[in-house]
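S.K.: Dumping the structure here so I can ask a few things about it.
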């Protein structure tokens, strides 16, 4: 069965969908419904294919699987795809979130539906490509290519300050990434190839590693985002349409975390070891500072965006401990954050669709009118603050465990972030859901529709399942994480 | 008789230009003459492909892989211009049968330029090309801007020709030869006079490729000239002058590269940075494209400054991609009409996607490609330029290059922003001219789908620089 180029199919299927959709005319409600259904089914089919990929994945094997390699540009730069235990989870996360996003946009996108859906499917292609590619040039192609649809999604269907936000998003990310491009070119020249599986065994000199690591860092730091280059994220989140925020928080930020694991520590272990204290310091500052900033936010989306920065601080902490626990914790934290923050943005979208404001003080006492919504929102708020029994706990716990074995002080500071997270999350929940229902327009609010329930059910199930029984996920990550750690240790000694 | 057959494509273009000139006196059907000119350019493509590679006329004229690739690019640029002329000649008041003939003469001059291996052949080609362009720029006699563009281009062009000729006289005086290869053998590398000569010739050539600090004419001429001629300026003469620059520097002063490398280095940086900043404030799309082309020439010059086979290869890849991107962009500019009148203000593009979603997405992708965003073709051009720069240890140049490309992304994004995010003013007709669609769709799809299999262009460029390395 391995002959089937399943990764290429995953990448190409959305493109095929785009071709189909360009043929459908978009001139009335009926046809725009057709477009939505087409896009939904295509992305759902892609999700099923990725599930098939997940189940035929050999969990004992730590090497890259489902590899495909074709001649592409010239010797050394090939079309090389493959997945291991880490990337496969991100692929499934991506293919799961895209149909949810499309479903979530059914009512909230009022104009240019066709272009919107095409941009989303194109974005899916780029996101899957990032996690599959085993060639640096190919990786860069997908990594940067995703900027184009995202620029349009925020810019066309975004809120009032959408132009400012989308320019900031685009230029920040581009400015960070071009340094990575130079580093990739340098690798191509010195190593003669950009093939990832070859480069993982290649030894760069110490000085090369330092410069190249910094160049990759510039790109991933902006993308993940780390303090102090995180300011584009709240802006982008606030102005993006709900589904755009979901994809941004759910998948796009994970590209950088994935890049840290795969490239930064895989290629440049010495430099990673050297800069690990810097990463720890920045991560801890990010966790504490952005949590404090989140406390004072008036805008729901901004609050969740700042909490994203704090959560990604845990991810970078875990990655740079170079321990199996740390990397497993980071990956689970990313997967969990991908589900939970996506769901939180969807929750914001639900009330935004009804009241068209994201200001926290405009809400209050929603529980009496929207009990189902209050329940859903509660689960994700609790998962976001890392309550045991939810997926958020597993990742944070593993990360804290690994950081504790390196430095107790770091662990103590990082743990204060958990407390702060509880503070701002619960306070947000209290202000929105509890209290007396005194505002008139709130009494008209309707509870979740059937479509919204369909959206939330899989997310709730996953959050709780991973929280109670994380073993299946850890089993997939573990061989690859062990291999990465042993490779790093082998190179360091 | 055999001697003449070596340059059969040049002779063919020359004869067809003369025949069309005579025909034009008797036949009032300008479209027919134009189509015949296109036909003769197509035949010339076939002739160039089938030419044997050799150097002829005492090695003053070289026909090799390099010149053939450049000639084909020039033919493509000329054909595109003529196709644009058909669709817009009446609206732009340039409905004159001289147009295709001047294009043919200019093309002939450019063919001589890229094959020239001698200072005199080089100057003859350059002047033939320039004289036709002066007239073309001022072709719309009723337009003040067009006349201004013509005069401006003529005066500055004449000045640059003077500089060039002055440099040539120095080089001849201090090396005793006009042939590129003989200059390389005979010069005395200590000689200051030779250096002065190189500087003056480079100044003249920098004017022709419109590199900073000899770029002043470009925005005004681009804006003033009728759009098909602006497209011609962007497509053909720059590419030809770049080919000439490469042959002049590499054949005659390849050994002396440390002296001219820093000149190229400087004009490359200056072009990239100035274009990136100056374009931000532009409101006219043709002026913006002028600055954009200055910036792109800056990138292409990185390839020259590397003085390596990778450098030349990346230069050729860049020029091919530049040509295709510009074809697409200029066909769009030429089709922007409202109430049967052309408009050039960028702000008039607002809300374009509501009326023409498909065209707009292609234009937006062209803008992303010009900015060098993957996976579009423009990215691969820049990628190879940076590969060459890093391979020659020109890290500084590469870093400046990427900084400039981030800055220039801003003004390309501005166009996307206006097309997509701003509210529409009025409806406009959009790309509705059949003959332009023939140019627009193929070139756009080539840029967008280039990433699927870029290898042929890269191999072609490698093949074309064989005579240098």
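What follows draws every value from the coordinates through simple rules; no lab data is involved. Here the structure is a predicted model, which is why all the values come from computation and not from measurement. Heads up, the Cβs are rebuilt from the backbone with ideal geometry, glycines too, and the neighbour counts pull from every protein chain shown.
S.K.: Any idea what diffusion coefficient the stretch B:256-469 gets from Stokes-Einstein, in µm²/s, Kirkwood Rh on alpha carbon pairs, 37 °C, 0.692 mPa s? Please report the intermediate quantities before stating the final value.
M.R.: Values: Rh = 17.8 Å.
The calculation lands on 185 µm²/s.
S.K.: Next question, about the same structure. Have a look at the stretch A:111-156 and give its Rg and Dmax from the Cα atoms, expressed in angstrom.
M.R.: Spelled out, the Cα radius of gyration and Dmax of the stretch A:111-156 are 11.4, 38 Å.
S.K.: Another one. For chain B, what does -39500 (n - 2.57) per DSSP helix run (n ≥ 4), summed and divided by total residues, give at 222 nm, in deg cm²/dmol to the nearest 500?
M.R.: Working: 20 runs with 345 residues, N = 469.
Rounded to the nearest 500, it is -24500 deg cm²/dmol.
S.K.: Cα convex hull of the stretch A:287-493: how many Å³ per residue?
M.R.: On the way: hull volume 22.3 nm³, N = 207.
Per-residue hull volume (Cα only) is 108 Å³.
S.K.: Based on a Kirkwood Rh over C-alpha pairs, give the Stokes-Einstein translational diffusion coefficient of the stretch B:1-54 at 4 °C and viscosity 1.567 mPa s in µm²/s.
M.R.: Numbers: Rh = 12.1 Å.
It diffuses with D of about 107 µm²/s by this estimate.
S.K.: Scale the Cα Rg of chain A by the rule-of-thumb value 2.2 N^0.38 Å and send over the ratio, two decimals. Each step should come with its number before you reach the end.
M.R.: Details: Rg = 21.5 Å, N = 493, 2.2 N^0.38 = 23.2 Å.
Scaled against compact globular proteins, the figure is 0.93.
S.K.: Bins of 5 Å, beginning at zero and ending with the bin holding the largest distance: percent of Cα pairs per bin for the stretch A:283-398, please.
M.R.: The calculated distribution, bin by bin, is 2, 12, 19, 23, 19, 12, 7, 4, 2, 0.
S.K.: Please compute the average number of Cβ atoms from other chains found within 10 Å of each residue's Cβ in peptide A:174-187. Intermediate results must be reported in sequence, preceding the final value.
M.R.: On the way: counts 9, 6, 1, 4, 11, 3, 0, 9, 9, 1, 3, 10, 6, 0.
Mean partner shielding for this stretch: 5.
S.K.: Right, next: Against the longest principal axis of chain A, how steep is helix A:324-355, in degrees 0 to 90 to the nearest 10, with axes from Cα atoms?
M.R.: Rounded to the nearest ten degrees, it is 30.
S.K.: To test your reading of the geometry: what angle, between 0 and 90 degrees and rounded to tens, separates the Cα axis of helix A:147-157 from the longest principal axis of chain A?
M.R.: 10
S.K.: Out of every Cα-Cα pair in the stretch A:29-140, what percent are more than 18 Å apart? Show your work: numbers first, answer last.
M.R.: Details: 3478 of 6216 pairs.
Tail of the P(r) past 18 Å holds 56 percent of the pairs.
S.K.: Residue by residue through B:382-392, how many Cβ atoms from other chains fall within 10 Å of the Cβ on average?
M.R.: Details: counts 2, 9, 3, 1, 7, 7, 2, 2, 7, 5, 0.
Mean shielding count: 4.
S.K.: Using the 10 angstrom Cβ neighbour count as an exposure proxy, how do B:171, A:9 rank, fewest first?
M.R.: On the way: B:171 27, A:9 16.
With the fewest neighbours first, B:171, A:9 line up as A:9, B:171.
S.K.: With each run of n ≥ 4 DSSP H residues scored as -39500 (n - 2.57), what mean residue ellipticity at 222 nm is computed for chain A after dividing by its residue count and rounding to the nearest 500 deg cm²/dmol?
M.R.: Numbers: 20 runs with 355 residues, N = 493.
Here the helix-only value at 222 nm equals -24500 deg cm²/dmol.
S.K.: Using just the C-alpha positions of the stretch B:91-161 as equal point scatterers, what log10 of I(q)/I(0) does the Debye formula give at each q in 0.19, 0.27 1/Å?
M.R.: -0.76, -1.13
S.K.: While we're looking at this one, here's another question. Per the Cauchy relation, a quarter of the hull surface: what is the mean projected area of the convex hull of the alpha carbons in the stretch A:89-168, in nm²? It would help to have the intermediate numbers written out before the result.
M.R.: Values: hull surface 22.6 nm².
With every direction weighted equally, the projected area is 5.6 nm².
S.K.: Still on this structure, I have one more. With bins 20 Å wide starting at 0, give me the P(r) of chain B over every alpha carbon pair, in whole percents.
M.R.: 26, 60, 14, 0
S.K.: Could you give me the radius of gyration and the Dmax of the stretch B:219-264, taking only the C-alpha atoms into account and expressing both in angstrom?
M.R.: 14.9, 43
S.K.: Take the alpha carbon atoms of the stretch B:267-366, find their radius of gyration, then divide it by 2.2 N^0.38 Å using N residues; give the quotient. Let's see the in-between values first.
M.R.: On the way: Rg = 15.9 Å, N = 100, 2.2 N^0.38 = 12.7 Å.
The stretch B:267-366 yields a ratio of 1.26.
S.K.: What is the helix-to-structure angle for A:136-145, meaning the angle in degrees between its Cα long axis and the longest Cα principal axis of chain A, kept from 0 to 90 and rounded to the nearest 10?
M.R.: Approximately 20 degrees, to the nearest 10.
S.K.: Fewest first, what order do A:235, A:475 take by the number of other Cβ atoms within 10 Å? Spell out each step's value before the answer.
M.R.: On the way: A:235 21, A:475 12.
With the fewest neighbours first, A:235, A:475 line up as A:475, A:235.
S.K.: For the peptides A:135-142, B:174-181, what is the packing order when you average, over each peptide's residues, the other Cβ atoms within 10 Å and list the highest mean first? Write down the numbers at each step before the final one.
M.R.: On the way: A:135-142: 24.8, B:174-181: 19.0.
Result, highest mean first: A:135-142, B:174-181.
S.K.: Report relative contact order for chain A in percent, whole number only (criteria: Cα-Cα under 8 Å, sequence separation at least 6).
M.R.: Numbers: 797 pairs, mean separation 74.3, N = 493.
Dividing the mean separation by the residue count of chain A yields 15 percent.
S.K.: Let me ask something else about it. In percent, how large is the relative contact order of the stretch A:263-393, given Cα pairs closer than 8 Å and 6 or more residues apart? Don't skip to the answer; put the middle values down first.
M.R.: Working: 121 pairs, mean separation 27.7, N = 131.
Once divided by the residue count of the stretch A:263-393, the mean separation gives 21 percent.
S.K.: Based on C-alpha coordinates, I'd like the Rg and Dmax of the stretch A:205-346, in Å.
M.R.: 14.7, 49
S.K.: In 5 Å bins starting at zero, report the fraction of Cα pairs in the stretch A:142-251 per bin as a rounded %.
M.R.: Percent of pairs per bin, in order: 2, 12, 20, 20, 15, 11, 10, 7, 4, 1.
S.K.: What would the Debye equation give as log₁₀ I(q)/I(0) for the protein assembly as shown at q = 0.05, 0.06, 0.09 Å⁻¹, counting only Cα atoms as equal point scatterers?
M.R.: For the protein assembly as shown at q = 0.05, 0.06, 0.09 Å⁻¹, log10 I(q)/I(0) is -0.33, -0.47, -0.96.
S.K.: Follow-up. Highest mean first, how do B:89-95, A:386-392, A:82-88 rank when packing is the count of other Cβ atoms within 10 Å averaged over residues?
M.R.: Ranked from most to least packed, the peptides come out as A:82-88, A:386-392, B:89-95.
S.K.: Then there is this: Using only Cα atoms, what Kirkwood radius does the stretch B:273-319 have, in angstroms?
M.R.: Details: mean 1/r = 0.0886 Å⁻¹.
Kirkwood radius, the stretch B:273-319: 11.3 Å.
S.K.: Right, something else. Report relative contact order for chain B in percent, whole number only (criteria: Cα-Cα under 8 Å, sequence separation at least 6).
M.R.: Values: 761 pairs, mean separation 70.1, N = 469.
For chain B, the relative contact order is 15 percent.
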